[in-house]
Amino acid sequence: MTREGYRIALPGAPVEVLERCGVERPVARLAELAARTPGGLTVVVDSANGLLDAPLAGAGIPVLRADPPVPADGGAPAEVLAELGRTRPGSLTALPSAGWTMSGREEEIAAADRASAPVERELALAGRLVAGGTGSEPLVALTFDDGPDPEFTPRVLDVLRRHDAPAAFFCIGLQALAHPGVVRRIADAGQTVGSHTWSHAYLPDLGPTGLARQLGHTGEVLAEACGDGRAIRWLRPPYGGRSPALLRAVDASGLVTVLWDVDAKDWSRPGPAVIAERVLSQVRPGSVILMHDGGGDRSQTVAALPAVITGLRARGYRIVDLDALPAAA
């Protein structure tokens, strides 16, 4: 992935660049190449990518992940990944078709999250990090990740408009590059636009250059799409991935990190009623609720959202913008 879009490299073939497109186009192109290749294809990604593995698995294309130290600071070039797949497939991690991008690294990620707790607390007290579930007032925030999506983001916005509810949308830069009009619609609706990085990267794997690109490219594209000169203030790290060093680097960049304490797990598509019940059973004063408007079929999220909003209000909660949530006590 580059500032322009996606790069597809096959050993011995010229690199293809697919510019300003959503994830559907590279997946369709790889499926086309797989159908024309005897024995099919295996795609190699790195941890700076969290967009392609699920749709590729849905298309029946195996995916391998390259872990550090293989990816360079800004992510491994497509040519390097292709060559690794050809010459050293045993050094790569095979992703399960029903798994997630970081499968096999759960313990490492959990340990990094635990080690981050003191820095999280420090930044939360300074108003530089929002974790959710703090305070005593019945205030909650709705957040949506992985858009903008040309089908589901507008549908989510329509529900929010009908119910007069604010929300924050954490947008992936590559998706915003492909669908700037959807970002503009979020901004025009008065909703909050935040960064979800350029390519849904696991940020602790990156060094200063890679982090600057992930945050800088996304901020530029989102600001341009919003069209009002606003600076992007909020960052949702993909997977909630963090480390003490990363949190301090994000803070130094001027962004406020936003985590969550209520996870609807709507990406698993358990049904609208289950999604709503998950939210309403976990919510507490100051909660930050995580849902998704992109990254796949989000029709169940759209269907669940009215029940989430009305259920929260029936329980006495007021839905507010992120900056209206109380700071850590």
Quantify, in whole percent, the carbon and sulfur part of the accessible surface of region 218-329 (1.4 Å probe; protein heavy atoms only).
51 percent
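Quick check: net charge around Ala324, other residues with Cβ under 10 Å of its Cβ, Lys/Arg +1 and Asp/Glu -1?
My count for the surroundings of Ala324 gives -2.
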Cβ-Cβ cut-off under 13 Å around Leu157, Lys and Arg +1, Asp and Glu -1: the net charge is 0
A correct Stokes-Einstein calculation for region 185-329, using the alpha-carbon Kirkwood radius, 20 °C and 1.002 mPa s, returns a whole-number D in µm² s⁻¹ of 129 µm²/s
Value of [θ]222 nm, deg cm²/dmol, for the chain, DSSP H segments ≥ 4, -39500 (n - 2.57) each, nearest 500
-12000 deg cm²/dmol
Excluding ligands and nucleic acids, what accessible area in Å² is computed for Ser91 using a 1.4 Å probe, to the nearest 10?
60 Å²
Once neighbouring chains are kept in place and the probe is 1.4 Å, which whole percent of the accessible area of region 44-189 is contributed by carbon and sulfur?
54 percent
Tell me the per residue accessible area of the chain using a 1.4 Å probe; a whole number in Å² is fine.
42 Å²
Long-range amide H partners of Gly194 with built H, under 5 Å:
Phe169, Phe170, Cys171
Measure nothing but the geometry: give the 0 to 90° angle between the long axis through the Cα atoms of 272-282 and the longest principal axis through the Cα atoms of the chain, rounded to 10°.
60 degrees
Excluding ligands and nucleic acids, what accessible area in Å² is computed for Tyr317 using a 1.4 Å probe, to the nearest 10?
40 Å²
What shape does region 189-273 have by the C-alpha gyration tensor, where a ≥ b ≥ c are the square roots of the eigenvalues, rounded means a/c under 1.5, and otherwise prolate means a/b greater than b/c and oblate the rest?
oblate
Of the trypsin sites (Lys or Arg not before Pro) in region 231-272, which ones lie in a loop per DSSP and count no more than 15 other C-beta atoms within 10 Å?
Lys265
For Asp261, the accessible surface traced by a 1.4 Å probe with all protein chains present amounts, in square angstrom to the nearest 10, to 40 Å²
In sequence order, calculated HN-Hα J values of region 77-86 (Karplus, 6.51, -1.76, 1.60; Hz; x Gly/Pro):
x, 4, 5, 5, 5, 4, 5, 4, x, 7
Summing Lys, Arg as +1 and Asp, Glu as -1, what charge do residues with Cβ under 11 Å from the Cβ of Ala141 carry, Ala141 excluded?
-2
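The values are calculated or read from the model by the stated rules, or taken from the named source; none is laboratory data. Since we're looking at a predicted model, the values are computed, not measured. Neighbour counts are summed over all protein chains in view; Cβ atoms, including those assigned to glycine, are modelled from backbone coordinates with ideal geometry. Just the protein is used for accessible areas: all its heavy atoms, side chains included, with ligands, DNA and RNA removed. Shrake-Rupley method; radii C 1.70, N 1.55, O 1.52, S 1.80 Å.
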